[in-house]
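J.: If you scroll down you'll find the structure; I have some questions about it.
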Amino acid sequence: MKHLSLALLGTFHATLNNKTLSNFRSSKVQGLLVYLALHHDEPHSRDILATLFWPDDPESIARQNLRQSLYQLRKVLGDIDSTNEPYLLVTRSSVQFNADSDYSLDVKDFLSYLENDQPESAVTLYRGDLLSGFTCDSSPFDEWLRQERERLHRLALDALFALTVNSLEHGDYQKAQRLARRQLTLEPWREEAHQQLIRALALCGERSAALAQYETCRTILTEELGIEPSAKTEILIARIRDQQLVQLTQNKKLYHHVNIPFVGRYAEYAELVKVYQRMTSEGVQLVIVSGKAGIGKSRLTQQFLEWAVIEGADVLHGRAFETGAGLSYQPFTNLLRQRIERENAPEDLLSDLWLSQLTRILPELRDRYPDLPEPIQEENTARQHLFEAITRLGQSLAERAPLLLYIDDWHWADTASLDVMQYATQRWSDEKTPILVLLTLREEALAESADLQNWLTRFKRDIPSQSLRLSELSQIETEQMIQMLLDPEVENIGTSQSSLSQLSNRLFAETDGQPLFLTETLKAMVEEGLLYLDSTSKFWQVDWSRVHKQQEKADVLPTVQQIIQGWLERITPSAVDLLVAVSVLAEQASFDNIYRVVGLEETVALTALDELLSKQLLSEADGISPSIGHDPLYRFSHQKVREVIYTEARRVRRRIFHRRAFETLQESNVPAAELAHHALHAGLVAETIRYSLVAGNEAMALFAVRVAISHFETAFQIAEHKGWSEEISGSDRQALYTGLGRAYELVENWQRAQEIYQSMIAYAQTIDAPAMECLGLNHLATVYLHGIVDFPQALAILEQARSVAEQNDDRRGLAETEWNLSLAAIHEEKPRLALHHGEQAVTLARELEHPQLLAGSLTTLSQVYFLQRQFEKAEAYAYESKQLYVASGNLLLAANSQRGLGFIKLFLGRPLESLALLQETSAFSQKIENLWGQADSAWILARTHLELGNYGEAISLCRQAVEQTDGLGPPLFHRIAYSAWGVVQRTIMNWDVAEKIFLEFIVKPSEEAVRWTDFASELCTLHAQRGDWNKAHNYAKQAISNRDDHLLPFTFTRYYEIEVLLRGGEVDLARSEVEQFTKLVSDNKRYQLILYRCQAVLEQWSGDANRAIFHLQDALKLARDMQLPGEEWPILGELGKLYTELGNESHATQAYRNASAITVRLAETIDDNDLRSGFLAADSVRSILDKSNITS
């Protein structure tokens, strides 16, 4: 058997049976072999080969040259005289390299290694570029060779680049340097390789060499490409110059601290990089890094964050704290505060409206911008606006650079932070915002929290996510860590590999590869002199004699508690006290606070602090710059250490330290939640109740309802079990009842809210406090009204409250009760009762001269009159409430009243006035970026534009409202906008879509939405327009059965119901419906138009065309007066029919032409081609167009 070996990477080299082949007659014979070998997977036409190598020769000469070259090549390969498998398969028309022959090809192996994810083997084969320096005097071949050479060149560079990344992240910086230099050998101007080499040099501690490499990079780029280094390179070198690059290697020479190498987490790190890259192209991503305490979650993420910063990410770093669960939005507050402090002009990121919302959690913004408006206070929208402000800040930052939002110890996040994270990430996902959310959490904490598990399940369902679970280091990884910690040349000065393995094995046996335990054990080894920093080499070395002596004792450190106890035995008592103080103070552990809590003199405390810092038991808080004039904060090396220190401290000491912390922090501007925490653990009952109440109110002000509940319940349970302290005033107790009850209402825990209010009422009765009793009864009634949904009981409770208020002349309580009675009566659909109580509430509010209560009562009364179809009164009360809100400066609620006023005017036949009001309030909502106000204005404006014949504008606005309300606020908002969308679709004759929408409301009715959209009537109209009279008849009967005969309908298409009844043979019912309708209309022009059309339908059915024309002409006049083209063209169409029936062709033609012109004008307002065509193709429209001699 003969074997052919082809080496094409670098210079050409070929052997046959280990003998070099050099007798090629020409370079073209050589090139022919190369081409055939590299394209061995298919036969090649002789004509193509001839053209490839001899493009300038005549065809016959080229073919002859090919034959001769093939003969020469077969001769060189031994194919002519050999009986072995030939290397070339030659026919009269084609040539192919025999892939089944015995041969090897370095290019083939190179590609195979890459395909099988073996880049290291691949780059070993890559001796140089393909056929370096080779040419065969054929431009087509040379061009093919150039492209193939470039392809392989790029593959080699990519493989080298990936291997360099791999080496960097494994901590093998020497290897990373070699690989980066190989890249630069292949491509000296490859800036990515320069970056890698600079980074590897810096991480090896060779700062000067890194700076010199940057200068080399800059010179090459300038001379070869005429460009300057990229921003990424400049950022990297700036960090190195400023000594900000975190050195995680063994030779950090400035401090006698053990810095553990980064090992065993490469796969997880690589996954983080992949997710980051996916985020930059696909939008928001979530990564959850989980594992036991001390497993290395923070170390992995910090290593990744360093890479991300160099990649150009804007990193926001926050942390949740065990003591911070009672602080609303605690992790967000910290990271946003740090980020905004770095921003020269935060107003460039957010408008004043959104900055004002952030003042709720960052009150210092108002010091920076005193002219900011007050944040929105309306309960329905204020929480949404705070969440939206945080969301928009993230979006604004991400527009500048990819944003990385990192929060450590997420398992301790407060519930408000969970809510805002859910909201923000959903919005970022919808907008495909480039944000990576990176959260770490402990497995044991996750297992103990069903709420957190449920939150994560929902979160992962909605957002692209990745979970990374970290486990202990393996024995091999532990040994690798020890090897990387020591100087690589240590083996040459007497240390045996077996000793190193013994040390690694012992450490692994003692720690099970737990990174925290390994770190603490190594620090203990330094303290005991087993590990020391060599003064000459500046590398860590092992005192093997001491190690062997200790091994003889068989000492074992199985738990972190024992390790920490060992530390405590080796430090001074003052230092121990300092550690306990830091564990108590948590995030308020400044030096000033520490020494005051410990009770030491300042100099003694300072000496103890230096001791703890030198032993790495404490460190200055990373990532947090202390404010001017404030001390830095101090933290433990790991949160687990804090927990052990706190637990090991005696209970009495903890209580004393918490009391001192409470007294110290009272003098500072710290949140009430922290003071309540210290008061609770100090056993201060009255202080705990008082500050828990304040903390609950603060949380409620930030809409962190579940956080508020935890504070209120703390106060309530302590008071219930230990008695109400005399130091707690009656007003504080009332505030606690109302705050806790209201919080439970907001999370819909109606049973608990009921219990709280009942306790409040009982207490008020005990101390004879009728005002408190009345207030409690009002709150209890709201529970029955909105939660338990027992309207009769709600009314009964309110009647009781009214009786209490009347008996004690509590006018304010009586006014509140009358207002709530009105609302309760609305829910129970007792309009007369609602009017009675609403008017009483208004009268009392006027007497009290209480503008806020009066405005609210007027708004409710307006709603009642609107539902009673007394539109003029509804209009008057809505206008007055608006004026009151304007006078009080509450422009948001004034806008709400104005929107309602605009809607009312539609039913009064004044659409132009409606349009002006709604456009004004819409512009205001846009100006202040009130999302709910914009959406609410949009659907009402859509209904207004339908009336005025601006169909295209109606479609656009209503679509906007549907999209904006999807997920915005209560589901009712969306259903209201969706119902309006159905009306729009029915009006433009998009019947299939409209029917689907209306049927959804029939199947799943929403009481509030149905009130001003009668879906059965809408479906009757839809099927009548379609000509399906049987279906229309069914819905007409349903609409009639659902309707209150004493009220005007909210729909404007009653005449279709009348025609449907007549066609169904129910003439008497049709006449009765019209008679009843006539009694209700009065002088309302909008409904007069509907009445005239109903009367015309009756007269036409009776055969009296002239009377029908008379009524239609009245309707037409009103339609024109009110500028309702959508009503005008059908009326003209009906007039055309009647004129034709009477033989008055000229009038008929004119009516049809006028109707046709209107329909064409309406169609022209519709931008969507399909919708416009559908409208013009509807039978009623098409019929008019056909009869008018006017084409569309």
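J.: With (1) closer than 30 Å to K927 by Cα; (2) under 43 Å from the mean Cα position of the chain (by Cα); (3) not aromatic (F, W, Y) as the list, and L821 as the residue in question, which single condition is left unmet?
T.: (1)
J.: Sticking with this one: Given the conditions (1) outside any helix (DSSP H, G or I); (2) within 19 Å of D314 (Cα to Cα), and given that S467 satisfies all but one, which numbered condition is not satisfied?
T.: Among (1) outside any helix (DSSP H, G or I); (2) within 19 Å of D314 (Cα to Cα), the lone unmet condition for S467 is (2).
J.: Which helices (runs of 4 or more DSSP H) does region 1083-1164 wholly contain that include 2 or more residues that are in the same structural domain as F1052 (by TED's automatic domain parsing), touching a strand residue (DSSP E or B) at 6+ places or on another chain (Cβ under 7 Å) and not polar (S, T, N, Q)?
T.: The helices (runs of 4 or more DSSP H) meeting that bar number zero.
J.: Among what's in region 150-209 and is at pLDDT below 85 and outside any helix (DSSP H, G or I), pick the residue that is nearest to V273 (Cα to Cα).
T.: Checked region 150-209; the qualifying residue nearest to V273 (Cα to Cα) is G171.
J.: For region 390-413, which residues satisfy the criterion of being part of a helix (DSSP H, G or I) and not polar (S, T, N, Q)? Explain how you work it out, then say what you get.
T.: First pass over region 390-413, keeping only residues part of a helix (DSSP H, G or I): 390-400, 410-412.
Passing the criteria: I390, R392, L393, G394, L397, A398, E399, R400, W410, H411, W412.
J.: For region 91-98, does any single residue satisfy the condition of being hydroxyl-bearing (S, T, Y), over 30 Å from Q183 (Cα atoms), in contact with a strand residue (DSSP E or B) (Cβ under 8 Å, 6 or more places away or on another chain) and not assigned by TED's automatic domain parsing to the domain that holds Q183?
T.: yes
Rundown of residues vs (1) under 30 Å from Y1139 (Cβ atoms); (2) modelled with pLDDT of 95 or more; (3) surrounded by fewer than 17 Cβ atoms within 10 Å (Cβ to Cβ), yes/no style:
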residue: E1007; (1), (2), (3): no, no, yes
residue: V1010; (1), (2), (3): no, no, no
residue: D1014; (1), (2), (3): no, no, no
residue: D1044; (1), (2), (3): no, no, yes
residue: T1053; (1), (2), (3): yes, no, no
residue: G1065; (1), (2), (3): yes, no, yes
residue: V1081; (1), (2), (3): yes, no, no
residue: G1103; (1), (2), (3): yes, no, yes
residue: A1115; (1), (2), (3): yes, yes, no
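J.: If a residue must be out of contact with any Ser or Thr (no Cβ under 6 Å at 6 or more places or on another chain), surrounded by 17 or more Cβ atoms within 10 Å (Cβ to Cβ) and small (G, A, S), how many such residues does region 649-681 contain?
T.: Matching residues across region 649-681 total 4.
J.: In the set A424, A447, A416, which member is small (G, A, S) and more than 30 Å from L931 (Cβ to Cβ)?
T.: Values: A424 fails: more than 30 Å from L931 (Cβ to Cβ); A416 fails: more than 30 Å from L931 (Cβ to Cβ).
When all the criteria are applied, what remains is A447.
J.: Still on this structure, I have one more. Considering only residues that are of a type in the set (S, T, N, Q) and without any contact (Cβ under 8 Å) to a residue 24 or more places away in the chain, which ones fall in region 841-867?
T.: Scanning region 841-867 gives a single hit, T843.
J.: For region 218-246, which positions are among the β-branched types (V, I, T) and modelled with pLDDT of 85 or more?
T.: Passing the criteria: T219, I220, T222, I227, T233, I237.
J.: While we're on this one: Here are some conditions: (1) crowded, with 19+ Cβ neighbours inside 10 Å; (2) part of a helix (DSSP H, G or I). G294 meets all but one. Which one does it not meet?
T.: (2)
J.: Is it the case that some residue within region 352-375 is touching a Phe, Trp or Tyr at 6+ places or on another chain (Cβ under 7 Å), closer than 29 Å to P671 by Cα and not aromatic (F, W, Y)?
T.: yes
J.: Then there's this: Cβ-Cβ below 6 Å, separation at least six or inter-chain, first residue in region 961-974 and at pLDDT 75 or above, second charged (D, E, K, R) and part of a helix (DSSP H, G or I): which pairs?
T.: Once the first residue is at pLDDT 75 or above and sits in region 961-974, its partners that are charged (D, E, K, R) and part of a helix (DSSP H, G or I) give L972/E1008.
J.: Quick check on L353: is it outside any loop (DSSP other than H, G, I, E, B) and closer than 30 Å to N896 by Cβ?
T.: Answer is yes for this residue.
J.: Read through the list (1) in contact (Cβ under 8 Å) with a residue 24 or more places away in the chain; (2) part of a helix (DSSP H, G or I); (3) in the same structural domain as P1125 (by TED's automatic domain parsing), then give the number of the only condition that M989 fails.
T.: (2)
J.: Let me ask something additional. I'm trying to understand the selection: among the residues of region 14-57, which are touching a Pro at 6+ places or on another chain (Cβ under 6 Å) and aliphatic (A, V, I, L, M)?
T.: Within region 14-57, just L52 meets the criteria.
J.: Another question, then. Can you work out which of the residues in region 38-64 that are within 15 Å of S138 (Cα to Cα) and touching a residue at least 24 places away in the same chain (Cβ under 8 Å) is surrounded by the most Cβ atoms within 10 Å (Cβ to Cβ)?
T.: F53
J.: Give me the pairs: first residue in region 868-885 and among the acidic types (D, E), second residue surrounded by 19 or more Cβ atoms within 10 Å (Cβ to Cβ), beta-carbon distance under 8 Å, and six or more apart or on different chains, which are they?
T.: Filtered contacts from region 868-885: E875/S862; E875/L901; E875/I904; E875/K905; E880/L858.
J.: While we're here: Give F134, F110, F141 a once-over and let me know the one that is part of a loop (DSSP other than H, G, I, E, B) and touching a Ser or Thr at 6+ places or on another chain (Cβ under 9 Å). Even if it seems obvious, please write down each step before you answer.
T.: Values: F110 fails: part of a loop (DSSP other than H, G, I, E, B); F141 fails: part of a loop (DSSP other than H, G, I, E, B).
Going through F134, F110, F141 in turn, the sole match is F134.
J.: Going by the structure shown, is R943 within 24 Å of the chain's Cα centre (by Cα), in a helix (DSSP H, G or I) and at pLDDT 90 or above?
T.: No; evaluated as a whole, the condition is false for this residue.
J.: A further question on this structure: Please verify whether region 368-376 includes one or more residues that are crowded, with 21+ Cβ neighbours inside 10 Å and of a type in the set (F, W, Y).
T.: No; the residues of region 368-376 include none that is crowded, with 21+ Cβ neighbours inside 10 Å and of a type in the set (F, W, Y).
J.: With respect to A416, is the statement that it is outside any loop (DSSP other than H, G, I, E, B), crowded, with 18+ Cβ neighbours inside 10 Å and of a type in the set (G, A, S) true?
T.: Details: outside any loop (DSSP other than H, G, I, E, B): yes; crowded, with 18+ Cβ neighbours inside 10 Å: yes; of a type in the set (G, A, S): yes.
Taking the combined requirement at face value, the residue satisfies it.
J.: Somewhere in region 192-207, is a residue free of Cβ contacts under 8 Å to residues at least 12 places away in the same chain and over 23 Å from A162 (Cβ atoms)? Before you say what the answer is, go through the steps one by one.
T.: The initial filter retains those residues of region 192-207 that are free of Cβ contacts under 8 Å to residues at least 12 places away in the same chain, namely 206.
Filter once more, keeping what is over 23 Å from A162 (Cβ atoms): 206.
Checking region 192-207: at least one residue is free of Cβ contacts under 8 Å to residues at least 12 places away in the same chain and over 23 Å from A162 (Cβ atoms).
J.: Restricting the search to region 880-928, which residues are within 25 Å of S1082 (Cβ to Cβ) and in a loop (DSSP other than H, G, I, E, B)?
T.: Scanning region 880-928 gives L908, G909, R910.
J.: Let me ask something else about it. Please verify whether A122 is part of a helix (DSSP H, G or I) and either over 25 Å from T11 (Cβ atoms) or touching a Cys at 6+ places or on another chain (Cβ under 7 Å) (or both), treating the condition exactly as stated.
T.: Here the answer is no, as A122 does not meet what is asked.
J.: Turning to a different aspect of this structure: Pick from T219, T164: which is surrounded by 19 or more Cβ atoms within 10 Å (Cβ to Cβ), out of contact with any strand residue (DSSP E or B) (no Cβ under 7 Å at 6 or more places or on another chain) and of a type in the set (V, I, T)?
T.: After ruling out the rest, the residue left standing is T164.
J.: On to the next question. Looking at region 315-343, which of the residues that are of a type in the set (S, T, Y) and under 19 Å from the mean Cα position of the chain (by Cα) is modelled with the lowest pLDDT?
T.: S328
The values are calculated or read from the model by the stated rules, or taken from the named source; none is laboratory data. It should be emphasised that the depicted structure is a prediction, and the values quoted were computed from it without experimental measurement. FYI the Cβ positions are ideal-geometry reconstructions off the backbone, even for glycines, and counts take in every protein chain you see.
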